[in-house]
Amino acid sequence: MAEDIYEKLCHFTIQYNGERLYPKTEFLIPKEWGGYPLGTAERLENNYCTADLNNDEEAEQYWKSVWEPSNIYTAAQLIFQSEDVSLEETVYELVCEEEGRSMLLWADETEFGNVTYVLYEEGLYDFYIVGYLGNMEGFEKMIQVDYHFELEIREEREEL
């Protein structure tokens, strides 16, 4: 059962730094949001997202963004706010459990319920995506997909 869930949740497309990366979701990226992704379970209403993140059949309203630092001593990261304090605290706890820096969050509809995905940066080029399935008790980590990039440096010289 767990392998079936993994197979169905890990087939998505993501747009990251202008590059399309593959490993079913097409992001809807409103231009007024500066390219921040909306998942298939999310709706944009009055500058807020609504989605049933915890699968209790009631949509939660929240605001998400990427905080861009104004100096070189801090790093960009995910900002998640909600009038539902328990939801905000739960999401905060989720993203703090991981080693990487949370950058993006979106929710997609699946046959198992709405899955909340968080993209974490890890180092300069690498990142990973974690999918959480929400229920009445909280969120359970269902999937993690890691992206590691290998860089090759070559020296090329032209003879004059």
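The values are calculated or read from the model by the stated rules, or taken from the named source; none is laboratory data. For clarity, every value in this text was computed on a predicted model and none was experimentally measured. Cβ coordinates were reconstructed from backbone atoms using ideal geometry, including for glycine residues, and neighbour counts include every protein chain displayed. Just so you know, the surface numbers come from the protein's heavy atoms only, side chains and all, with ligands and any DNA or RNA stripped out. Shrake-Rupley method; radii C 1.70, N 1.55, O 1.52, S 1.80 Å.
Counting only strands (runs of 3 or more DSSP E) wholly contained in region 65-160, the ones carrying 1 or more residues that are under 19 Å from Leu44 (Cα atoms) and open to solvent by 80 Å² or more (accessible area, probe 1.4 Å) occupy 77-82, 101-110. Summed over region 63-83, residues that are under 19 Å from Leu38 (Cβ atoms) and at pLDDT 85 or above total 5. Among the residues of region 109-140, those identified as under 12 Å from Leu94 (Cα atoms) and in contact with a helix residue (DSSP H, G or I) (Cβ under 7 Å, 6 or more places away or on another chain) are Val118, Gly131, Tyr132, Gly138, Phe139.
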